[in-house]
1. Name the single residue that is nearest to A:L95 (Cα to Cα) among those in region B:48-69 being without any contact (Cβ under 8 Å) to a residue 40 or more places away in the chain and buried (at least 21 other Cβ atoms within 10 Å of the Cβ).
2. Under 7 Å by Cβ, and 6 or more places apart or on different chains, what pairs join a residue from region B:6-19 that is on the phi > 0 side of the Ramachandran plot with one that is of a type in the set (A, V, I, L, M)?
3. Applying the selection to region A:32-53, what residues are at the interface with another protein chain (Cβ under 8 Å from one of its Cβ atoms) and in a helix (DSSP H, G or I)?
4. Of all residues in region B:28-47 being within 9 Å of the chain's Cα centre (by Cα) and facing another protein chain (nearest Cβ under 8 Å), which is surrounded by the fewest Cβ atoms within 10 Å (Cβ to Cβ)?
5. Looking at (1) surrounded by 13 or more Cβ atoms within 10 Å (Cβ to Cβ); (2) free of Cβ contacts under 8 Å to residues at least 40 places away in the same chain, which one does A:V42 not meet, given that it meets all the others?
6. How many of the residues making up region A:54-73 are in a loop (DSSP other than H, G, I, E, B), aliphatic (A, V, I, L, M) and either more than 17 Å from the chain's Cα centre (by Cα) or within 7 Å of another protein chain (Cβ to nearest Cβ) (or both)?
7. Pairs only if they're at least six apart or on different chains, beta carbon under 9 angstrom, first in region B:70-96 and modelled with pLDDT of 95 or more, second outside any loop (DSSP other than H, G, I, E, B) and hydrophobic (A, V, I, L, M, F, W, C); list them, first residue then second.
8. Filter region B:48-60 down to the residues that are assigned to a strand (DSSP E or B) and at the interface with chain A (Cβ under 9 Å from one of its Cβ atoms), then identify the one that is farthest from B:K7 (Cα to Cα).
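The values are calculated or read from the model by the stated rules, or taken from the named source; none is laboratory data. Small disclaimer: the values here were computed from a predicted structure and weren't measured. Here the Cβ is made from the backbone with ideal geometry for all residues, glycine too, and neighbour counts use every protein chain on show.
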Amino acid sequence: GSSELQESPMSEDSPETQEQRARATLRERYLRSLLAMVGRPVSFTLHQGVLVAAHFGATDLDVANFYVSKLQTPIGVQAEALLRCSDIISYTFRL
Amino acid sequence: MNEWMKKSPLEWEDYVYKEVTVVASENKEYKGWFLTADPVSANIVLVNFLEDGSLSVTGIMGHSVQTIDVVNEGDHRMREKLTHLFMSGDYKGHSP
């Protein structure tokens, strides 16, 4: 009956379906974590031990760049800037 | 492209809800609860619950990930906490 169908374990799905489901869940969570970061102060660890702080604005679909504002650099504050993700090792923010 | 970026979404999903240590470029080390890995960039999101009830969220760029190790398999309570994170708009804090 239909109740048996609903109880069928996920492992009966094809590997493609399982992978697609995992991909969707992981991506949605990542996008939500980015949404939570919008407008907040974020510290970025760049290569060669460079630390910068900025307010996160947005990113592109393939997460290649972070658009930020009030970027604090060793040589002053930049009102708006684009950080290349290839230059970044990590980023941290508080909630 | 490093080993981490070559993994499949199902392999990334294995780390979800577990406490991990990640070693990234330039020997930078990070520890926290694995929330997700972006399937597009392989960026990892780790969460740490701080004593004052706030939350520290760290993103590690996929291209810089060298190694990742599970240090704690987690439990039902942690899973519950992490599942609802970022799902309902503003974060309201947690009970330490």
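1. Top of the filtered list is B:V57.
2. Listed pairs, sorted by first residue: B:Y17/B:M78; B:Y17/B:L82.
3. Result: A:R32, A:S33, A:L35, A:A36, A:M37, A:H47, A:Q48, A:G49.
4. Restricting to residues being within 9 Å of the chain's Cα centre (by Cα) and facing another protein chain (nearest Cβ under 8 Å), the top hit is B:L35.
5. Only one criterion is unmet by A:V42, namely (2).
6. Number of matching residues: 1.
7. Here the result reads B:V70/B:V20; B:V70/B:F34; B:V71/B:V20; B:N72/B:V20; B:N72/B:W33; B:N72/B:M78, each pair linking region B:70-96 to a residue that is outside any loop (DSSP other than H, G, I, E, B) and hydrophobic (A, V, I, L, M, F, W, C).
8. B:L55
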